[in-house]
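*Asks:* Below you'll find the structure I mean.
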Amino acid sequence: MTEELKLSIEKLVYGGDGLAHAEGNTVFVPYVLPGEEVRAAAKSKKKKLIWAQLVEVTSASEQRGKARCPHFQTCGGCHYQHIPPAEQVRLKKEILRETLSRLGGISWDGLVQEHTAEPYGYRNRAQWAVRSGMPRAIGYFLPESSTIVPIDECPVLSPALARTFGQLQDMARSGTLPAGVLEIEAFADSSDKKIALNVAFDRFSKLPAELAATFRAAVPEIESLLLLDRKKNKFELTGPGFLTYEAGGYNYRVSHLSFFQVNRFLIEDLLKTVTAGAQGGLALDLYAGVGFFTLPLARAFSRVISVDANLAATRDLRVNAENAGLQVASHNEHAKEFLGKLDEKPDLVVLDPPRAGLGAAVAAELARLGAPEIAYLSCDPATLARDLGVLLGTQNKVNGTVGLDTRYEIIEMHLFDLFPQTFHIETLARLRCVS
């Protein structure tokens, strides 16, 4: 499609696009602001939905600014660099409220507390794709076009990750990056000095020891290196296999295949806010990961149960609890299966699920448990709206289903801007059981 559209942008929606209407169609176009007049080229259409590419801003918002990164609108990693940080947060709060209402039937008119920090240099983890053609280069993969966009800098990376990226890019462009590399993921510790590297190969082009020596010579900050041969599904590790991340007075071992929060400036604020005032007899930490919330909960409760389906993360959690001198009943299984067997009511449930959220079955099991309080940390407002709709009993207003006997209400809502310059929204919803 090459049809050109003249659009008035009405609002931003979750996913980074602006929404407009043209000739009875709903149009989505990126890199815009509400109130702007733009020209856009239609790229694809499905029924009455059009996805378009920005051609020109003919009447700009007074909020529009100059992007800091020369690769903005090219690499696809950032969506909001044309918007001042404070305005990004304001728009994200609007998107959060609208999503909760539209998908969950939830009208939250209360305060959404903001948690923000430095909007650049914040990422302690990043993943890059390697272009195999000549000249070789490292960049970001764009799924919609199946292309890899090489970049020379990325201002959202921590200083250590930025140095690491530069060293890896030098390897690619000088021809010293080993053949067969497909993806590279890097993680920096809390001091921003040590690096853990995951390198995925189509197949190993040399002996693993030779490959490891090549990477360590080019990136001296590497503490631990994990190589993957995808053809053989074989891992090769050199180094301890983990980094240690300090936060809130706790030391967390984070292995190569474990998840940890990526915003190094907001980690402690997040930890303290989620666990603030928490105390009692039993706490349940679902999707516990390496024990980020589990450890402080174990100091405040008589008993803590943690649950996570990731075996590497569960092993890390057990080591972290032992090193902290804390007792935790740790379970390596899916939340749905665990909840189906649990026959005691926790005083607090902490939830930090992946982007897919809880799902109706887990939300229903939580309602059956009827814990007095739930702290739900979400990285996707759409799945949060769906899950809260079940727990609050508002989802039946949206889809006509019958509500559950147990019902919750929201008592606090927090927005953590863990991913400045992007559309991503991290939300903490604190719930109280009312029936």
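*Asks:* Show me the helices (runs of 4 or more DSSP H) found entirely inside region 323-435 where at least 1 residues are hydrophobic (A, V, I, L, M, F, W, C) and under 22 Å from the mean Cα position of the chain (by Cα). Before you say what the answer is, go through the steps one by one.
*Replies:* Numbers: elements: 335-341, 360-369, 381-392, 395-399.
Helices (runs of 4 or more DSSP H) meeting the threshold: 335-341, 360-369, 381-392.
*Asks:* Working carefully through the options Tyr31, Tyr122, find the one that is crowded, with 21+ Cβ neighbours inside 10 Å and touching a His at 6+ places or on another chain (Cβ under 9 Å). Give the derivation first.
*Replies:* Working: Tyr122 fails: touching a His at 6+ places or on another chain (Cβ under 9 Å).
Checking each option against the conditions leaves just Tyr31.
*Asks:* Can you tell me which residues in region 12-44 are among the small types (Gly, Ala, Ser) and at positive phi?
*Replies:* Once the filter is applied, which keeps residues that are among the small types (Gly, Ala, Ser) and at positive phi, region 12-44 yields Gly15, Gly16, Gly24, Gly35.
*Asks:* Select from region 274-312 the residues that are in contact with a strand residue (DSSP E or B) (Cβ under 6 Å, 6 or more places away or on another chain) and among the hydroxyl-bearing types (Ser, Thr, Tyr) and write down the one among them that is farthest from Asp352 (Cα to Cα). Please lay out each step first, then the result.
*Replies:* Of the residues in region 274-312, the ones in contact with a strand residue (DSSP E or B) (Cβ under 6 Å, 6 or more places away or on another chain) are 274, 278, 280-286, 288, 290, 293-295, 297-298, 301-307, 312.
Subsequent filtering for residues that are among the hydroxyl-bearing types (Ser, Thr, Tyr) retains 294, 302, 306.
Values: Thr294: 11, Ser302: 21, Ser306: 12 Å.
Checked region 274-312; the qualifying residue farthest from Asp352 (Cα to Cα) is Ser302.
*Asks:* What number of residues in region 253-281 are in contact with a Leu (Cβ under 8 Å, 6 or more places away or on another chain), open to solvent by less than 10 Å² (accessible area, probe 1.4 Å) and not in a loop (DSSP other than H, G, I, E, B)?
*Replies:* Qualifying residue count, region 253-281: 4.
*Asks:* Could you please find all residues in region 297-314 being under 22 Å from the mean Cα position of the chain (by Cα) and either buried (at least 20 other Cβ atoms within 10 Å of the Cβ) or assigned to a loop (DSSP other than H, G, I, E, B) (or both)? I'd like the intermediate steps shown before the answer.
*Replies:* Going residue by residue through region 297-314, those that are under 22 Å from the mean Cα position of the chain (by Cα) are 306-314.
Hits for region 297-314 are Ser306, Val307, Asp308, Ala309, Asn310, Ala313, Thr314.
*Asks:* Sort out for me the strands (runs of 3 or more DSSP E) sitting completely within region 146-248 that have 2 or more residues that are within 29 Å of Arg318 (Cβ to Cβ).
*Replies:* Fully inside region 146-248 and qualifying: 181-188, 195-201, 222-229, 234-238, 242-247.
*Asks:* Working only within region 394-413, note down all residues that are at pLDDT 75 or above and open to solvent by 10 Å² or more (accessible area, probe 1.4 Å).
*Replies:* Thr394, Thr406, Arg407, Glu409, Ile410, Ile411, Glu412
*Asks:* Within region 346-355, identify whether any single residue is over 24 Å from Leu392 (Cβ atoms) and either charged (D, E, K, R) or without any contact (Cβ under 8 Å) to a residue 24 or more places away in the chain (or both), and answer yes or no.
*Replies:* no
*Asks:* Is it true that Thr147 is among the polar types (S, T, N, Q), closer than 16 Å to Glu221 by Cβ and out of contact with any His (no Cβ under 7 Å at 6 or more places or on another chain)?
*Replies:* Against the criterion (among the polar types (S, T, N, Q), closer than 16 Å to Glu221 by Cβ and out of contact with any His (no Cβ under 7 Å at 6 or more places or on another chain)), Thr147 does not qualify.
*Asks:* Filtering region 64-96 down to residues that are over 20 Å from the mean Cα position of the chain (by Cα) and within 21 Å of Val27 (Cβ to Cβ), which residue is most open to solvent (accessible area, probe 1.4 Å)?
*Replies:* So, considering only residues that are over 20 Å from the mean Cα position of the chain (by Cα) and within 21 Å of Val27 (Cβ to Cβ), the one most open to solvent (accessible area, probe 1.4 Å) is Gln73.
*Asks:* Six or more apart or on different chains, Cβ under 6 Å: which pairs go from a residue in region 59-84 that's in contact (Cβ under 8 Å) with a residue 12 or more places away in the chain to one that's open to solvent by 40 Å² or more (accessible area, probe 1.4 Å) and of a type in the set (Gly, Ala, Ser)? Could you list them?
*Replies:* Ser61/Gly35
*Asks:* Would you call Ala86 touching a His at 6+ places or on another chain (Cβ under 6 Å) and among the hydrophobic types (A, V, I, L, M, F, W, C)?
*Replies:* no
The values are calculated or read from the model by the stated rules, or taken from the named source; none is laboratory data. These numbers were taken from a predicted model, which means no experiment stands behind them. Cβ sites come from the backbone with ideal geometry, for glycine too, and all protein chains shown count toward neighbours. Surface accessibility is based on the protein's heavy atoms, side chains included, excluding ligands, DNA and RNA. Shrake-Rupley method; radii C 1.70, N 1.55, O 1.52, S 1.80 Å.
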